[in-house]
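Working notes for the structure below.
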Amino acid sequence: MDVSKKPELPIKRGSFVATIIRNHILFSVFLVVLIYVVVVLVTINTFDSSINKNVKNLASDYSESAEFKDVNIHRYLNGNSGAVILDKNGKTVFHTGRCPIKEFTPDGLKLIPARDQIVDISVKKAENDDGQQVIFVRRIWTTDLYTDYVDFGDVDVLDSDHNVIYSTKFSDKTRYSPDEYKLLTGKLGKDISVRKTGFKKTSESTGKSEKYTLIAFSQPDFVSAMNRRERNSIFIILGTVAAYFALLMIFSLIISRKVKTPIHALEQAMSDVSRGKTGGIIVYEGPTEFMDMCHSFNTMSKKLQVSENENQEMREAQQRMISGVAHDLKTPITVIQGYAKAINDGIVAPEDQKKYLQTIEEKSTQLTELINEFHQYAMMNRPEMKFDLEKVNICEFTREYLAGRYQELDIEGRELELDIPDEEIMVSIDQSHFTRVFDNLVNNYLRYCGEGSTLFCSIKQRDDKVLVIMGDNGPGVSENVISTIFDPFVKGDSARASRGSGLGLSIVKEVIEGCGGTIVLTKHPRKPMNTEFIITLPVK
């Protein structure tokens, strides 16, 4: 056997492990969504902090205004700013504020970054091998001032008169005009930057929508932009941490609730059991493991209740037995003591002494029988009591027993009617103890049924069972006694003063059950019987 490979434990649907996995998957999904939201927020934060929203808002105001002059550019741009508006042909139609350039060529417009772009410009002057002074201009275009990401770049090499020696942006450009050179090098004034954006405006005269280009000159506040981005980043980080711990807490609460609910129920139920309250049932629906635990506890609780009821019944039976033994022994002893004292004191006449002595003998015999029955019943209930079972032909065994009692029955004026088959039916019984069964049944018949009555006995086989039926046509047994007839000290007529200890049928039941069978007293005996006992034994 390869001990390195551990057997896989199946995960049941609805098990606690499945619950953990299911909630972990949900937690992971929410975490992925949270990460996605954070990425989006960071992107928006980065994007919004790198573009000039004010230029966009200013263009929106120009688009909605009746006249360009009605718009106050200082709502969006600082005091040293200006704006130029070009029509679709690139002609200036309006300008206001501080505008270093008011007219733009097509190439000049291409040098102006859009509102969401930033150009990093580097200008260097040097001399070539011929001693000619040249100007190197490098422009790096990006959408994020705070990252090293570059969208694209271009390089221009000019002479001192701004003639183009080399250009990656314009392939056919020969010379930059002064305004174009300003836009190329970004030298528009101290801290002045330029942005462009397009917008549409409906003409009041024609009713048509016309395209315009807004050129905005402003002094960008990079410090405020940086502070705003850092502040937003802090809020995003704190929100992310808070959301993560909130998800973690929700996940923990769900798992804790799944665990605490059944454990609390078990704790409460076990506390009830410790206080003697057995039979309590836990009703719980949840993970399989906890349901199994609750089911096991319910089974244990039911068994404890049954055991407690059996113990209570046993204690009550012991009390009844002690009371019965005391009563049954007290009656003959009292008679014996009274008669013996009367004879000893000379109170009894000589001619009556024989009758008194005969009564004493009868009571002594009865007392001996009672003591023997008590002893036999006590022996039957001992744990170490064992039956010496052997295979016996129940038909032959019953015939021989009743044949031995026939003369007694005849002398007592009783009839015997048998229906016992001739074939062999084998059962496993303890012969000595089973003889006691027949003794008690026949003795009860003689005790309670008068002269002229009939004792019936029949044996019938039913599949793998044999039925030994014994009954009589005597007075019968009252219905209120039938359910307890096999309990100790119960008599057919419920009279404690009558003869017998009330242990006979209890001993009968113990013996038959020790042989693997059962005995019942039928509520509705078959005619002509008024009392019918049915003994069932397994056929061997």
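Can you work out which of the residues in segment 454-488 that are touching a helix residue (DSSP H, G or I) at 6+ places or on another chain (Cβ under 8 Å) and not aliphatic (A, V, I, L, M) is surrounded by the fewest Cβ atoms within 10 Å (Cβ to Cβ)?
Ranking the qualifying residues of segment 454-488, first place goes to 475.
Tell me yes or no: at least one residue of segment 300-307 is surrounded by fewer than 17 Cβ atoms within 10 Å (Cβ to Cβ) and not in a helix (DSSP H, G or I).
no
Condition test on residue 130, is it surrounded by 13 or more Cβ atoms within 10 Å (Cβ to Cβ) and not small (Gly, Ala, Ser)? Break it down stepwise before answering.
On the way: surrounded by 13 or more Cβ atoms within 10 Å (Cβ to Cβ): no; not small (Gly, Ala, Ser): yes.
When the stated conditions are applied, residue 130 does not pass them.
Within segment 408-420, is there a residue that is β-branched (Val, Ile, Thr), at pLDDT 90 or above and closer than 18 Å to residue 508 by Cα?
The answer is no, given that none of the residues of segment 408-420 is β-branched (Val, Ile, Thr), at pLDDT 90 or above and closer than 18 Å to residue 508 by Cα.
Return the pair list, or none, for Cβ contacts closer than 8 Å from residues in segment 391-410 that are exposed (fewer than 11 other Cβ atoms within 10 Å of the Cβ) to residues that are of a type in the set (Lys, Arg), at least 6 apart or on different chains.
Short answer, once both residue conditions are applied: 391/540.
Can you name the condition, by its number, that residue 97 falls short on among (1) touching a residue at least 24 places away in the same chain (Cβ under 8 Å); (2) of a type outside the set (A, V, I, L, M); (3) on the phi < 0 side of the Ramachandran plot?
Among (1) touching a residue at least 24 places away in the same chain (Cβ under 8 Å); (2) of a type outside the set (A, V, I, L, M); (3) on the phi < 0 side of the Ramachandran plot, residue 97 violates only (3).
Kindly indicate the residue of segment 191-205 that is without any contact (Cβ under 8 Å) to a residue 24 or more places away in the chain and in a loop (DSSP other than H, G, I, E, B) and also surrounded by the most Cβ atoms within 10 Å (Cβ to Cβ) among those meeting that condition.
203
How many residues are in contact with a helix residue (DSSP H, G or I) (Cβ under 8 Å, 6 or more places away or on another chain), aromatic (Phe, Trp, Tyr) and within 23 Å of residue 454 (Cβ to Cβ) if we restrict to segment 383-433?
So the count comes out to 2.
Please state which of the following conditions residue 273 fails to meet, knowing it meets all the rest: (1) β-branched (Val, Ile, Thr); (2) in a helix (DSSP H, G or I); (3) exposed (fewer than 15 other Cβ atoms within 10 Å of the Cβ); (4) modelled with pLDDT of 75 or more.
Only one criterion is unmet by residue 273, namely (3).
When you check residue 186 against the structure, is it modelled with pLDDT of 80 or more and either touching a Cys at 6+ places or on another chain (Cβ under 7 Å) or on the phi > 0 side of the Ramachandran plot (or both), yes or no?
yes
Among the candidates 77, 34, which residue alone is surrounded by 14 or more Cβ atoms within 10 Å (Cβ to Cβ), of a type in the set (A, V, I, L, M), in the same structural domain as residue 177 (by TED's automatic domain parsing) and at pLDDT 65 or above?
Sole residue among the options that is surrounded by 14 or more Cβ atoms within 10 Å (Cβ to Cβ), of a type in the set (A, V, I, L, M), in the same structural domain as residue 177 (by TED's automatic domain parsing) and at pLDDT 65 or above: 77.
Could we say that residue 191 is charged (D, E, K, R), farther than 20 Å from residue 217 by Cα and either out of contact with any Asp or Glu (no Cβ under 6 Å at 6 or more places or on another chain) or at pLDDT 85 or above (or both) here?
Values: charged (D, E, K, R): yes; farther than 20 Å from residue 217 by Cα: no; either out of contact with any Asp or Glu (no Cβ under 6 Å at 6 or more places or on another chain) or at pLDDT 85 or above (or both): yes.
So residue 191 fails the test.
Would you check if residue 100 is under 23 Å from residue 191 (Cα atoms), surrounded by fewer than 17 Cβ atoms within 10 Å (Cβ to Cβ) and assigned by TED's automatic domain parsing to the domain that holds residue 219?
The answer is yes for residue 100.
Just the residues that are of a type in the set (A, V, I, L, M) and over 19 Å from residue 180 (Cβ atoms), please, taken from segment 89-128.
Scanning segment 89-128 gives 93, 118, 126.
Looking at segment 48-55, can you tell me whether even one residue there is at pLDDT below 90, β-branched (Val, Ile, Thr) and not in a loop (DSSP other than H, G, I, E, B)?
Within segment 48-55, one or more residues are at pLDDT below 90, β-branched (Val, Ile, Thr) and not in a loop (DSSP other than H, G, I, E, B).
When you scan segment 103-125, how many residues do you find that are in contact (Cβ under 8 Å) with a residue 24 or more places away in the chain, in a strand (DSSP E or B) and over 60 Å from the mean Cα position of the chain (by Cα)?
Adding up the residues that qualify gives 4.
For segment 408-440, name all the residues that are among the polar types (S, T, N, Q) and in a helix (DSSP H, G or I).
Result: 431, 432, 435, 440.
The values are calculated or read from the model by the stated rules, or taken from the named source; none is laboratory data. Predicted, not measured: the structure shown is a model, and the values here were computed from it. No Cβ is skipped: glycine too gets one built from the backbone with ideal geometry, and neighbour counts run over all protein chains shown.
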